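Undergrad: Handing you a structure now.
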Amino acid sequence: MNTYIRIIDGINNGVKSIVSVMLALLAVLVVLQVTTRFVINVPLAWTEEIARYLMIYIVFLGSGLATRHNQHIAIDFLVEVINHKNKARLQTVILVISAVFFLILAYCGAQLTFMVIGQSTPTLQYSMAWAYAAIPLGAVLMLLNTVALLLKTKKVAGSIDRIVGESK
């Protein structure tokens, strides 16, 4: 259990570095696009296309990182009102539902990626599958992080049950 969480955290550190580089590259490309379009008056079409696909990857990979730290948008009213024991159960149910969703997203995203292999991007003429691959890649990362959260929740719940059991 701890080994899995350490491995996922290591993968997340690598993904965080990749996303940081992508974000810096995105900023450079957007500045280059604005400069060439409005200052030099000779726009570079490829910068806009690469920036678009970088943004897609940043969103999907960043979502995987946000999953690990429970930073996705959530309506937590019910979680805040119920007692502590049921709160842990509800959190587990939410994580299991999320894991099922991420599994379906990865599957459907992979199918979609394979469907667009023959299509080319407008400017650079490389396969659209590279752009669509962000969907299953991000979904798998979110799934792996959800499993890590489930393991962590189970470990914490077991510790709380032992503590509560000792105090009775």
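The values are calculated or read from the model by the stated rules, or taken from the named source; none is laboratory data. As the structure is a computational prediction, the values presented were derived from the model and not from experiment. Cβ: placed from backbone, ideal geometry, glycine included. Neighbour counts: every protein chain shown. Side chains included, ligands, DNA and RNA excluded: accessible areas come from the protein's heavy atoms. Shrake-Rupley method; radii C 1.70, N 1.55, O 1.52, S 1.80 Å.
Undergrad: Quote to one decimal, in nm, the extra length available between ILE97 and ARG37 on full extension: 0.36 nm per residue of separation minus the C-alpha distance between them.
TA: That works out to 17.0 nm of additional length.
Undergrad: Please give the per residue accessible area of the chain, computed with a probe of 1.4 Å over protein heavy atoms only, in Å².
TA: So the chain comes to 64 Å² accessible per residue, rounded to a whole number.
Undergrad: Would you check the chain for Lys pairs whose C-alpha atoms are within less than 25 Å, ignoring same-chain pairs closer than 8 in sequence, and give me the count?
TA: 12
Undergrad: Pairs of Cα atoms under 8 Å, at least six residues apart: use those to get the relative contact order of the chain, whole percent. Write down the numbers at each step before the final one.
TA: Values: 151 pairs, mean separation 44.4, N = 168.
So the answer I get is 26 percent.
Undergrad: What percentage of all Cα-Cα pairs in the chain are separated by more than 28 Å?
TA: The share of Cα pairs beyond 28 Å in the chain comes to 40 percent.
Undergrad: So, with a 1.4 angstrom probe, what is the percent of accessible area on the chain that is carbon and sulfur?
TA: Using a 1.4 Å probe with all protein chains present, the chain comes out at 71 percent carbon and sulfur.
Undergrad: For segment 1-80, take the convex hull of the Cα atoms, compute a quarter of its surface area, and give me that in nm², please.
TA: About 7.5 nm², averaged over all directions.
Undergrad: Heavy-atom accessible area of ARG68 with all protein chains present, probe 1.4 Å, nearest 10 Å²?
TA: For ARG68, the solvent-accessible surface is approximately 20 Å².
Undergrad: Run through segment 72-131 and list the chymotrypsin sites (Phe, Trp or Tyr not before Pro) located in a DSSP loop whose Cβ has at most 13 other Cβ atoms within 10 Å.
TA: TYR126
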